[in-house]
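First comes the structure, then the notes that go with it.
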Amino acid sequence: MSTFEKVVVIDGKGHLLGRLASIIAKQALNGQKVVVVRCEALNVSGEFFRNKLKYHAYLNKRCIVNPTRGAFHFRAPSRILYKAIRGMVPHKTARGAAALDRIKLFEGVPAPYDRVKRMVVPDALRVLRLKPGRKYTTIGRISHEVGWKYQDVVAKLEEKRKAKSAAYYQRKTALAAIQKKAIDSKVDALKDVNSAIAALGN
């Protein structure tokens, strides 16, 4: 992610939350627009029960005078990632607020991004950064346990999207095969033309 793209779309599945958040924060501060999809499939190191206890400890933190002032405990996976990123950005300055405006986070893969090439961040991938055999937790599961209501809805929409994507890929490969067959069938007929073009230096 060293070069600037118009928008970078990251597939959150299999990334470690904190490592991904730090990379996104840096890129956003440098002016890069970043979109993260499938936030529910992000990972955190450590077993599920330990991470659940951590979240419940976080739920205890509130303003004792008037709890409506905060702290605000986000349950959705995208908001958990947002809060991690916000902690890495000077969000009370104009520069930090502008950086946060460049970031979009989603559960699942909503409409405009299901047809876009999605990338991964190797420096934040669990399989590359976490020692094999170590325990890890999926953010979607923690969110579901503490009150996020849309796990089933997102899972259903993801099934539909994957079926649609598989059908598109089949059509694409079939079309490519037909094109290749058509080109191969005309190789002999175009041999003289191709050799004449090659003689001209093209």
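For Gln179, are the conditions met, namely being polar (S, T, N, Q) and either touching a Cys at 6+ places or on another chain (Cβ under 9 Å) or under 30 Å from Phe106 (Cα atoms) (or both)?
Criteria not met by Gln179.
Going by what's in this entry, would Thr138 be described as of a type outside the set (Gly, Ala, Ser) and more than 22 Å from Arg38 (Cβ to Cβ)?
no
State all residues of the stretch 72-91 that are open to solvent by less than 50 Å² (accessible area, probe 1.4 Å) and either assigned to a strand (DSSP E or B) or among the hydrophobic types (A, V, I, L, M, F, W, C) (or both); if no residue qualifies, say none.
Listed by number, the residues that qualify are Ala76, Ile80, Leu81, Ala84, Ile85, Val89.
Among strands (runs of 3 or more DSSP E) lying entirely in the stretch 1-68, which contain 3 or more residues that are under 17 Å from Lys117 (Cα atoms)?
Working: elements: 8-11, 34-37, 43-45.
Fully inside the stretch 1-68 and qualifying: 8-11, 34-37.
Restricting to the stretch 92-110, and then to whatever is more than 14 Å from the chain's Cα centre (by Cα) and outside any loop (DSSP other than H, G, I, E, B), can you tell me which residue is surrounded by the fewest Cβ atoms within 10 Å (Cβ to Cβ)?
Of everything passing the filter in the stretch 92-110, Ala94 is surrounded by the fewest Cβ atoms within 10 Å (Cβ to Cβ).
Tell me which of these Lys13 doesn't satisfy, since it passes every other one: (1) touching a Lys or Arg at 6+ places or on another chain (Cβ under 8 Å); (2) in contact (Cβ under 8 Å) with a residue 60 or more places away in the chain.
Of the numbered conditions (1) touching a Lys or Arg at 6+ places or on another chain (Cβ under 8 Å); (2) in contact (Cβ under 8 Å) with a residue 60 or more places away in the chain, the odd one out for Lys13 is (2).
Looking only at the stretch 109-133, how many residues end up being out of contact with any strand residue (DSSP E or B) (no Cβ under 7 Å at 6 or more places or on another chain), under 17 Å from Asn43 (Cβ atoms) and in contact (Cβ under 8 Å) with a residue 60 or more places away in the chain?
The total comes to 2.
Just to be sure before I move on: is Val116 open to solvent by 40 Å² or more (accessible area, probe 1.4 Å), out of contact with any Pro (no Cβ under 9 Å at 6 or more places or on another chain), in a loop (DSSP other than H, G, I, E, B) and within 20 Å of Val37 (Cα to Cα) in the structure I sent?
Considered against the rule, which asks whether it is open to solvent by 40 Å² or more (accessible area, probe 1.4 Å), out of contact with any Pro (no Cβ under 9 Å at 6 or more places or on another chain), in a loop (DSSP other than H, G, I, E, B) and within 20 Å of Val37 (Cα to Cα), Val116 comes out as yes.
All but one of (1) out of contact with any Gly (no Cβ under 8 Å at 6 or more places or on another chain); (2) in contact (Cβ under 8 Å) with a residue 24 or more places away in the chain hold for Pro77; state the number of the condition that does not hold.
(1)
So which residues in the stretch 13-47 are of a type in the set (Val, Ile, Thr) and either open to solvent by 40 Å² or more (accessible area, probe 1.4 Å) or out of contact with any Gly (no Cβ under 7 Å at 6 or more places or on another chain) (or both), if there are any at all?
So in the stretch 13-47, the residues of a type in the set (Val, Ile, Thr) come out as 23-24, 34-37, 44.
Correct list: Ile23, Ile24, Val34, Val35, Val44.
Of all residues in the stretch 142-166, how many are under 16 Å from Leu42 (Cα atoms), open to solvent by 40 Å² or more (accessible area, probe 1.4 Å) and under 17 Å from the mean Cα position of the chain (by Cα)?
The total comes to 2.
The values are calculated or read from the model by the stated rules, or taken from the named source; none is laboratory data. The model shown is predicted, which means the values in this text are computed figures rather than measured ones. We place every Cβ from the backbone using ideal geometry, glycine too, and count neighbours over all the protein chains shown. Note: accessible area is taken over every heavy atom of the protein model, side chains too, but ligands, DNA and RNA are not part of it. Shrake-Rupley method; radii C 1.70, N 1.55, O 1.52, S 1.80 Å.
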